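Asks: Handing you a structure now.
The values are calculated or read from the model by the stated rules, or taken from the named source; none is laboratory data. Treat the numbers as computed from the prediction; the structure is a model and nothing was measured. Don't worry about glycine lacking a Cβ; one is built from the backbone with ideal geometry, like all the others, and counts go over all protein chains shown.
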Amino acid sequence: MAQPETAPPQMAPAPVPAPVTPAPGVRIDGLTVVYKTSAGELPAVRDVSLTLEPGSITGIVGESGSGKSTLALSLLNAVQPPGRIAAGSVEIDGLGDVVGLAGERLRKARGAHIGYVFQAAQNSLNPLKTVGKQLLDLGRSHDVDDLRGLVREAKELLGRMGLDGARVLDSHQHELSGGMRQRVGIMLALVLNAHLVVLDEPTTALDMITQANILKIVREVHAERGLTTLVITHDIGVVAEVADRLAVMYGGRLVEQGPTREVLGAPRHPYTRGLIQAIPRLVGDIDEARALPGRPPTLATVPERGCVFRERCALRMDICETDDPAALADGPRIVACHAVGAKERT
Amino acid sequence: MSATVIPETSGGGLSTASAMRRNFWRGVWRVMRRKPSRLAGAVILVGFVFMAVFGPMFYPDNLPGDADAITRPPSWEHWFGTDPQGRDVLALVITGSRYVLLSAAVTALITVVFGTGLGLFSGFKRGRWDTVLMRVTDMKLTIPGLPLLLVLATVWKFGSPLQMGLVLGLLGWGGVARAVRAQTLSLRERGFIEAARGLGLSTGHIIGKELLPSMAPYIAMNMLIAVTGAVYAQVGLFFLGVLPYESNNWGVMLNLAVFQAGAMITPYALGYLLAPLLAILLLTLGIVLVVDAMDEIFNPRLREE
Amino acid sequence: MITATGITKTFKQRGGVLAGREVHALRGVDFSIAKGGAASFIGESGCGKTTLGRIIAGLESYDGGEIAIAGTPMTPLRPKQRQPHFRKIQMIHQDPYSALNPTRTIHQTLQAPLALRARQTGRSKQWMEERAAEVLSLVGLDPGSVLSRYPHQLSGGMRQRVVIARALTVDPEMLVADEAVSMIDVSLRLGILALLKDLRERLGVAVLFITHDVATARYIGDDGELFVIYRGQVVERGPVDTVIADPVHPYTQSLLSAIPVLHGLEEPGEQPVVPLESLDESQADAGCLFARRCPFRDERCESELPLLQVTDGVPQEHACFHPRSRSVIARPLSGV
């Protein structure tokens, strides 16, 4: 908001002197994304408002069909047809409202401003080209003049993540392990000096030890480069490990958000509570773990009116059938639940 | 224990075989209706089958020629004109369709039975059998079809459509066998095949009930494509004139239209030339349009939605 | 119910630069499970745990060692003779999407093995229908609404339940569950785990649980044994809670240290072990298999292979020259 328009020359990345730009803040407001189906346009993301503070790591947790990946794509304005952003705005510092961007400006913004590490990084690499070639392609498509500098920067990043940069750049995808590919993905997201990074399921399909290493790298690189980071995952553990702030999505709605430790320590929304209770733990009475009844809704079965979670909710009331609970703030915490809201008022 | 709550659905439990079959045909109808082009294709195919089965019954064995109306252009009386012997071209196309379609059907049957059988066996057994059968297939695939047919035609007259279909079929199964084998190899690694083996189900069950239905769209498509190939091949042979003009046949018509009636130089014989061409074109079009629906017909997911 | 001794399996690499190189998937694995018992194997991908599961379920051959099912050794038998024995051990695959034939309804899927059984025991069609409904009820599904459906009409969790129901049609004595919940939605996972646990208790079905998630292994069978497997070798073995609370092998400690800490509910363990990441897959086989990544290795570890053994003062078996208990797992915060 402070700088709604940035002049194009400034947007071109200058890899060598890497000016220390402050981490951008992101304000998502009333975002609704719909998908066209045979049953009409159905909302995958409904009226979501979320603020990513500059320099923070935010984690979005959700099951399949919760809309978390669609939300992440909206940040790049990259929702593919038959989906489209139907309402709302995504304000990114230094870029303005991304929803209004299109064409060349949008393409340049991706990569240069927003780095995106795709789900299962192995699929986002071209199997026929070496990593180095793909790096150069990326540089050229963003009009980087100093390709040597770009390679140097890439090697430095890879070295930072514990890899032999020169060797990795010379490798094809199949010569790299899952953890190495994930690091390459992070390198490609950061090498153009993006300060807003989105990681979609960064550790799915990785082994436990590799996962721990990647999460450590995410945390460290985040701090060193001054990033604003968004992590999307189905695994509460991943978020608990890296995120300052946690947002829980269900059926296209953000049902609860707040500082990670507070949400995990004292969850308020019945879904968050159920989710945490369903995690088997390493110590204590194993039978304390309780399964959540019912199953998550799909695009087609999300109720049109009322609370999206009511089918599985123990605290369900009459009003849940008819009214969508508003997201009410209480200090740093925001919860969208009639039952919780009622308790607070009394 | 914590059971997943399942919403009640109405009409569940209907699971007899006849109900399933009814559901299948209802699904097929839904798939066909989804695109008008598919319906058109089906109508064309049914029309051709009807023509081949019943068409010749409406005409005498030897079509009467009208000596006063030789090689006439299309008219109300003769929609596609007449041939050099004064016979109605439309009648020729209709009576000729039986030979063409019958031999094509035989070809398709042999191609599919042979190709699918060998492909399934090879892919499922793997090992030595696979190697041997695939070498045979490779060898067969290297035999050039047309020259061989030309040679065969000098010793064999192909008077019956069954003979023609048999020869074309024996020449054509190689591609299908290879394709089916590749499919089998990939399907047999799937969890449900492994589960079937673990449950001790017989090989017959696994091949017949688990593998085959998954490959049905594939096989059906190959069969329809084999029909097209067979039609082109035999019409081509007759057109080249390497086979005797014994029967009413679209290929013979084309040959006569070009070399006898002079369709290339005189417009009077244009109908004679165009009628069989149009028939081949329509038949191919019908097949292509129907092939488009195969995937959805045999995939329950696409069928139901 | 089942006793396996010294199971080995070696794969030959085919094609590529590494052609002909041998990969030791399993290097002499011993275990046994009593009727209704449980054993869990944990390890990273490629450690051999999946191969072990497939061998135990009779889906793959083994090169050495012996498997005895209900007292009958399998090695002297011909493949055909082994089949009825291995049928008592059913595999639950990781992916419930590929484990069900998309062209067949749930009814058809369940009827095939039931028909086989009905033929063998001379039972009626009526029995088949009843049994199909019964196994579906056992796994918590409503037969009326599920039987006529195709797999694509069911959610991942429901499909996995159908897969378990299908396994139950042959009255198995053991289920091999290989990462059986890793592809299921988070909120539904515990339901499937609870089902497996329930089957153990109600039907006396033993469970061989293969996973990378130690906590789920604990949920399925905290009364059973936990096996930690690394590059085909069992490196630590003992009662589940003992291994979790007092691991002695550095690899076990690394695995447990890698489990994310639920900050706000837990605090990190006091002595986490961070292993070196294995970037070189073609490690030499001399010495301890974990030596290259082990932060505590010494010269002996690099030349001599430690075998699974019991030593003084350590309650569980381990394959380490320097067993030392370390407190690595996260502790619950007091007052939560």
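Asks: Which ones in region B:186-209 are in contact (Cβ under 8 Å) with a residue 12 or more places away in the chain and either away from chain C (no Cβ under 11 Å) or within 24 Å of B:VAL291 (Cβ to Cβ) (or both)?
Replies: Those that are in contact (Cβ under 8 Å) with a residue 12 or more places away in the chain and either away from chain C (no Cβ under 11 Å) or within 24 Å of B:VAL291 (Cβ to Cβ) (or both): B:LEU187, B:ARG188, B:THR203, B:ILE207.
Asks: Identify, please: which residue in region C:242-271 is out of contact with any Gly (no Cβ under 7 Å at 6 or more places or on another chain) and among the polar types (S, T, N, Q) and is, among those, farthest from the other protein chains (Cβ to nearest Cβ)?
Replies: Among residues in region C:242-271 that are out of contact with any Gly (no Cβ under 7 Å at 6 or more places or on another chain) and among the polar types (S, T, N, Q), the one farthest from the other protein chains (Cβ to nearest Cβ) is C:GLN271.
Asks: Next question, about the same structure. Any idea which of A:GLY103, A:GLY132, A:GLY159, A:GLY149 is of a type in the set (Gly, Ala, Ser) and closer than 29 Å to A:THR70 by Cα?
Replies: Only one candidate passes the filter, namely A:GLY103.
Asks: Answer yes or no as to whether A:GLY159 is within 14 Å of chain C (Cβ to nearest Cβ), surrounded by fewer than 21 Cβ atoms within 10 Å (Cβ to Cβ) and under 24 Å from the mean Cα position of the chain (by Cα).
Replies: It is false that A:GLY159 is within 14 Å of chain C (Cβ to nearest Cβ), surrounded by fewer than 21 Cβ atoms within 10 Å (Cβ to Cβ) and under 24 Å from the mean Cα position of the chain (by Cα).
Asks: Okay, moving on. For region A:163-175, enumerate the residues that are in contact (Cβ under 8 Å) with a residue 40 or more places away in the chain and not charged (D, E, K, R).
Replies: A:SER171, A:HIS172, A:GLN173, A:HIS174
Asks: Assess whether A:GLU53 counts as being of a type in the set (Asp, Glu) and touching a residue at least 60 places away in the same chain (Cβ under 8 Å).
Replies: Yes.
Asks: Do we have B:LEU149 as away from chain C (no Cβ under 14 Å), surrounded by fewer than 22 Cβ atoms within 10 Å (Cβ to Cβ) and of a type in the set (A, V, I, L, M) here?
Replies: no
Asks: Name every residue in region C:67-103 that is facing chain B (nearest Cβ under 7 Å), buried (at least 17 other Cβ atoms within 10 Å of the Cβ) and not in a strand (DSSP E or B), in order of residue number.
Replies: Those that are facing chain B (nearest Cβ under 7 Å), buried (at least 17 other Cβ atoms within 10 Å of the Cβ) and not in a strand (DSSP E or B): C:ARG87, C:HIS93, C:ASP95, C:SER98, C:ALA99, C:LEU100, C:ASN101, C:THR103.
Asks: If you don't mind, there's one more thing I want to ask. Which residues, counting only those in region A:174-185, are away from chain C (no Cβ under 14 Å) and surrounded by fewer than 24 Cβ atoms within 10 Å (Cβ to Cβ)?
Replies: None; the set is empty.
Asks: Also, quick follow-up: Of the residues A:THR204, A:THR229, which is closer than 23 Å to A:PRO296 by Cα and either of a type outside the set (Lys, Arg) or touching a Gly at 6+ places or on another chain (Cβ under 9 Å) (or both)?
Replies: One residue alone meets the criteria, A:THR204.
Asks: With the requirement that a residue be surrounded by fewer than 16 Cβ atoms within 10 Å (Cβ to Cβ) and in contact with a Leu (Cβ under 9 Å, 6 or more places away or on another chain), what does region B:15-62 give you?
Replies: Result: B:MET20, B:ARG33, B:LYS35, B:SER37, B:ALA40, B:GLY47, B:VAL49, B:VAL53.
Asks: Against the definition (farther than 18 Å from C:ALA330 by Cβ, surrounded by fewer than 23 Cβ atoms within 10 Å (Cβ to Cβ) and free of Cβ contacts under 8 Å to residues at least 24 places away in the same chain), how does C:ASP222 come out, yes or no?
Replies: Against the criterion (farther than 18 Å from C:ALA330 by Cβ, surrounded by fewer than 23 Cβ atoms within 10 Å (Cβ to Cβ) and free of Cβ contacts under 8 Å to residues at least 24 places away in the same chain), C:ASP222 does not qualify.
Asks: Something else: Can you go through A:ALA102, A:ALA121 and tell me which one is crowded, with 20+ Cβ neighbours inside 10 Å and modelled with pLDDT under 85?
Replies: A:ALA121
Asks: For region B:265-282, check the following and say yes or no: at least one residue is without any contact (Cβ under 8 Å) to a residue 60 or more places away in the chain, small (Gly, Ala, Ser) and out of contact with any strand residue (DSSP E or B) (no Cβ under 8 Å at 6 or more places or on another chain).
Replies: No, there is no match, as no residue in region B:265-282 is without any contact (Cβ under 8 Å) to a residue 60 or more places away in the chain, small (Gly, Ala, Ser) and out of contact with any strand residue (DSSP E or B) (no Cβ under 8 Å at 6 or more places or on another chain).
Residues checked against (1) buried (at least 16 other Cβ atoms within 10 Å of the Cβ); (2) basic (Lys, Arg); (3) touching a Leu at 6+ places or on another chain (Cβ under 9 Å); (4) under 22 Å from C:ILE259 (Cβ atoms):
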site: A:ARG268; (1), (2), (3), (4): yes, yes, no, no
site: A:ALA291; (1), (2), (3), (4): yes, no, yes, yes
site: A:GLU311; (1), (2), (3), (4): yes, no, no, no
site: A:GLU321; (1), (2), (3), (4): no, no, no, no
site: A:CYS337; (1), (2), (3), (4): yes, no, yes, no
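Asks: Could you grab the pairs with beta carbons closer than 8 Å, sequence gap of 6+ or different chains, first residue in region C:308-336 and within 13 Å of C:VAL235 (Cβ to Cβ) and loosely packed, with under 14 Cβ neighbours inside 10 Å, second one at pLDDT 90 or above and among the aliphatic types (A, V, I, L, M)?
Replies: If the second residue must be at pLDDT 90 or above and among the aliphatic types (A, V, I, L, M), the pairs left are C:GLN309/C:ALA319.
Asks: For the condition over 25 Å from the mean Cα position of the chain (by Cα) and within 24 Å of A:SER49 (Cα to Cα), what is the one hit in A:ARG290, A:ARG310, A:ARG253, A:ARG281?
Replies: A:ARG310
Asks: Within region B:213-241, track down each residue that is small (Gly, Ala, Ser) and assigned to a helix (DSSP H, G or I).
Replies: B:SER214, B:ALA216, B:ALA220, B:ALA226, B:GLY229, B:ALA230, B:ALA233, B:GLY236
Asks: On the basis of being of a type in the set (A, V, I, L, M), free of Cβ contacts under 8 Å to residues at least 40 places away in the same chain, more than 9 Å from chain B (Cβ to nearest Cβ) and more than 25 Å from C:ILE210 (Cα to Cα), does C:ALA112 make the cut?
Replies: no
Asks: Got a number for residues in region C:128-174 being among the small types (Gly, Ala, Ser) and at the interface with chain B (Cβ under 7 Å from one of its Cβ atoms)?
Replies: Number of matching residues: 5.
Asks: Now, a different point. Could you list all residues from region A:186-211 that are in contact with a helix residue (DSSP H, G or I) (Cβ under 7 Å, 6 or more places away or on another chain) and within 13 Å of another protein chain (Cβ to nearest Cβ)?
Replies: Matches in region A:186-211: A:PRO202, A:THR203, A:ALA205, A:LEU206, A:MET208, A:ILE209, A:THR210.
Asks: Let me ask something else. Under the condition of being hydroxyl-bearing (Ser, Thr, Tyr) and surrounded by fewer than 18 Cβ atoms within 10 Å (Cβ to Cβ), which residue from region B:112-142 is farthest from B:ALA196 (Cα to Cα)?
Replies: Ranking the candidates gives B:THR142 first.
Asks: Name the residues in region A:60-94 that are part of a loop (DSSP other than H, G, I, E, B), in contact with a helix residue (DSSP H, G or I) (Cβ under 6 Å, 6 or more places away or on another chain) and in contact (Cβ under 8 Å) with a residue 60 or more places away in the chain, would you?
Replies: Passing the criteria: A:GLY62, A:GLU63, A:LEU76.
Asks: Tell me the residue from A:PRO270, A:PRO297 that is within 22 Å of the chain's Cα centre (by Cα) and in contact (Cβ under 8 Å) with a residue 24 or more places away in the chain, please.
Replies: Sole residue among the options that is within 22 Å of the chain's Cα centre (by Cα) and in contact (Cβ under 8 Å) with a residue 24 or more places away in the chain: A:PRO297.
Asks: From the list A:LEU264, A:LEU299, A:LEU254, A:LEU282, pick out the single residue that is closer than 25 Å to A:SER69 by Cα and facing chain C (nearest Cβ under 9 Å).
Replies: Going through A:LEU264, A:LEU299, A:LEU254, A:LEU282 in turn, just one is closer than 25 Å to A:SER69 by Cα and facing chain C (nearest Cβ under 9 Å): A:LEU264.
Asks: Filter region A:33-55 down to the residues that are crowded, with 19+ Cβ neighbours inside 10 Å, over 16 Å from A:ALA329 (Cα atoms) and within 16 Å of the chain's Cα centre (by Cα) and list them by number.
Replies: Those that are crowded, with 19+ Cβ neighbours inside 10 Å, over 16 Å from A:ALA329 (Cα atoms) and within 16 Å of the chain's Cα centre (by Cα): A:VAL33, A:ALA44, A:VAL45.
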